[in-house]
Amino acid sequence: MNTELLFVVDENDCIIDTCARHIIHATGLRHRAVHILVFNEQGQLFLQKRSMKKDLNGGLWDTSAAGHVDAGEDYDSSAAREIEEELGISAALTLEPLFKLPATAAVGMEFIQVYHCIHNGPFVLASDEIDEGGWFSVAEISKRIAADDPLLTETFKTIWRQFEALTL
């Protein structure tokens, strides 16, 4: 059982408690997460295929790196930690916040701060988190999202639709 401690937050993303991750997920409490979109210089997006060992969305394609904001962290430090843990790169200085999604049932009751950075790899993928990764064109991703591809996580689809709305 995962005993990772996370902040519980209210509807305004203000901290109201600290609780174990498994309890937060089981009871649908609001909490915080980060997702990072890593593009290369050719404009392709790196996606990760989540490990089959993951308790949620195993085997599905997701953002480049992602994770919960642990108790005691803020969004920025969490994003820097996650990209280093999952992709083996230090990108803290180049991470740019893009937008924040509200905590809804569609995104697992997570306030999600989305970041962007440019990196060409190579990456050292965390084998306990990621089964594989690959570069995809923006056009291919948009086509897959429009077709509601079941091999993509629902959270990634939500993030990509917001990303597209901001970049049009």
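Scanning the range 107-147 for residues that are within 25 Å of Phe7 (Cβ to Cβ) and open to solvent by 70 Å² or more (accessible area, probe 1.4 Å) yields a single hit, Asp128.
Is it fair to say Ala103 is open to solvent by 40 Å² or more (accessible area, probe 1.4 Å) and either in contact with a Leu (Cβ under 7 Å, 6 or more places away or on another chain) or modelled with pLDDT of 95 or more (or both)? It would help to see each step written out before you state the result.
Values: open to solvent by 40 Å² or more (accessible area, probe 1.4 Å): no; either in contact with a Leu (Cβ under 7 Å, 6 or more places away or on another chain) or modelled with pLDDT of 95 or more (or both): yes.
Answer is no for this residue.
Here the strands (runs of 3 or more DSSP E) wholly within the range 37-114 that include at least 1 residues being among the basic types (Lys, Arg) are 45-50, 96-101. Across the range 129-148, the qualifying residues are those that are in contact (Cβ under 8 Å) with a residue 40 or more places away in the chain and not aliphatic (A, V, I, L, M), and the one among them that is farthest from Lys53 (Cα to Cα) is Ser137. Remark: Asp13 falls outside the filter, which requires a residue to be open to solvent by 10 Å² or more (accessible area, probe 1.4 Å), of a type in the set (D, E, K, R) and over 18 Å from Phe111 (Cβ atoms). For the range 37-77, a residue qualifies if it is buried (at least 16 other Cβ atoms within 10 Å of the Cβ) and farther than 20 Å from Leu152 by Cα, and the qualifying residues are Val69, Asp70, Ala71, Glu73, Tyr75.
Out of the residues in the range 16-36 meeting the condition of being of a type in the set (Gly, Ala, Ser) and outside any loop (DSSP other than H, G, I, E, B), tell me which one is surrounded by the fewest Cβ atoms within 10 Å (Cβ to Cβ).
Ranking the candidates gives Ala26 first.
So is Leu5 surrounded by fewer than 18 Cβ atoms within 10 Å (Cβ to Cβ) and under 18 Å from Thr158 (Cβ atoms) or not? Judged against the criteria, Leu5 is not a match. Which one of these does Lys157 not meet: (1) over 16 Å from the mean Cα position of the chain (by Cα); (2) basic (Lys, Arg); (3) open to solvent by less than 80 Å² (accessible area, probe 1.4 Å)? The number of the failed condition is (1).
The values are calculated or read from the model by the stated rules, or taken from the named source; none is laboratory data. In this text the structure is predicted, and so the values were computed from the model without any measurement. Cβ: placed from backbone, ideal geometry, glycine included. Neighbour counts: every protein chain shown. Just the protein is used for accessible areas: all its heavy atoms, side chains included, with ligands, DNA and RNA removed. Shrake-Rupley method; radii C 1.70, N 1.55, O 1.52, S 1.80 Å.
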